[in-house]
Amino acid sequence: MAATTRDSLPNQIIYIRDSSVTNSIRALRIDVHAHYYSDRFIDLIESRGCDCGACVRRDARGPIIDAGPLHAGPLASRFIDLDQRIADMDAQGVDVQALSLTQPMVYWAEENLARELSATFNDDLVAAHERFPDRLVGLAMLPMHHPKSALDELARVKAAPGIRGIYMGTAIGDMDLSHESLLPVFEAIEEAGLPVLLHPLKVLGMTDRLKPYFLANLLGNPFDTAVAAAHLIFGGVLDRFPKLDVVLPHAGGALPFLVGRLQHGWSVRPELKHMERGPEEYLARFYFDTIAHSQSSLQYLIAQVGADRVMLGSDYCFDMGLERPIEVVEAQEQLSDTLRDQILGGTARSLLKL
């Protein structure tokens, strides 16, 4: 990426010279939803994970991680190999990726192993950033099911090179995000000025009604994102931590399309009388990625929350992701060039402090 800064607008859009097109200037493109597994993280699960219920199988196509109902793999080399990742980013036209773990994360492990797994992955994020400082940043993993260890790991990595946010499941094991034990960690994350980016993990119904037909992903992921957001709203987490930024994956899942139902419930149900404001007002507290798999759905999201709350995402490199994420945004013809550039990178640059 040949990055020659031409202008920095108040909305944090940065323009760079595109080396692939002569005399072309375009906005910096930042992918906030891109997954990464390091060799050391996988090896640590393989050597010690089985005692806690997570095992690694080796396959010619790549390693496979099984942790109870959670399954990852075969993990193709592009999940692990940074050189291949950079080549893929170049082919996509993506300038920067924010690297994140995904299932099984670390919440299945006992405390010492969970902290070691988190530290190993986080150190590998730092190493990836130091190798490609203009291309890769990291979203740190914390052993949230052991809050004291989560606080210790946060203190260790919050200022580490390239760490630009915290990655977290939409639930922590069987705990919802409004669980009281998690509040000190959210407080420390807010004080550190880091955003929280969520991802579905152990989703509702994945072992029964959503088990067939890949429904645990197709339906479970967007449902679970909406459930997590509802707990943050109704459980008072967003009120308690007014400066905490939260990013919802997969275009917010079901939340943007069901927020009217939540709003109506708030107006009539006694279970929600503790809320001074309705759920619709909390949409502005969230950020969203572009992984809607529908141009009309993405257009609806942008119209509902504003282009300044939506950021480029690919879900690299799962088959449920977007192989051409830039084209998805460019196809939103109702957007001005400035708003399109805001989605492609302006908002992410501000949120991740790049």
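None of the figures in this text is laboratory data; all of them are computed from the coordinates on show. Quick caveat, the model's predicted, so the values are computed rather than measured. Cβ coordinates were reconstructed from backbone atoms using ideal geometry, including for glycine residues, and neighbour counts include every protein chain displayed.
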field: Simple spin-label estimate for Ala192 and Gln299 in nanometres, 7 Å along Cα-Cβ
entry: 4.0
statement: Taking alpha-carbon centroids only, segment 101-149 lies from segment 253-287 a number of Å equal to 32
- request: Could I have the simple spin-label model distance between Lys211 and Ala155, label points 7 Å from Cα toward Cβ, reported in nm to one decimal?
  value: 4.4
message: Sorting check: for 94-101, 207-214, which peptide has the highest mean count of neighbouring beta carbons within 10 Å, and how do the rest follow?
response: 94-101, 207-214
Binned Cα-Cα distance frequencies in segment 237-354 - 5 Å width, integer %: 2, 11, 20, 21, 19, 12, 8, 5, 2, 0
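As a test of the definition: which semi-axes, in Å, follow for the chain when you take the square root of five times each eigenvalue of its alpha carbon gyration tensor? Largest first, please.
Result for the chain: semi-axes of 28, 27, 20 Å.
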message: Given bins 5 angstrom wide, list per bin the percent of all Cα-Cα distances in segment 181-250, short to long.
response: 3, 17, 23, 20, 15, 11, 8, 4, 0
- prompt: Can you list the lysines whose alpha carbon is less than 28 Å from that of Lys202, not counting same-chain residues fewer than 8 positions off?
  reply: Lys148, Lys158, Lys211, Lys243
query: Around Asp18, which amide H atoms from residues at least 5 apart in sequence, or from another chain, sit under 5 Å from its own amide H, with H modelled in the peptide plane?
result: Ser24, Ile25, Arg26
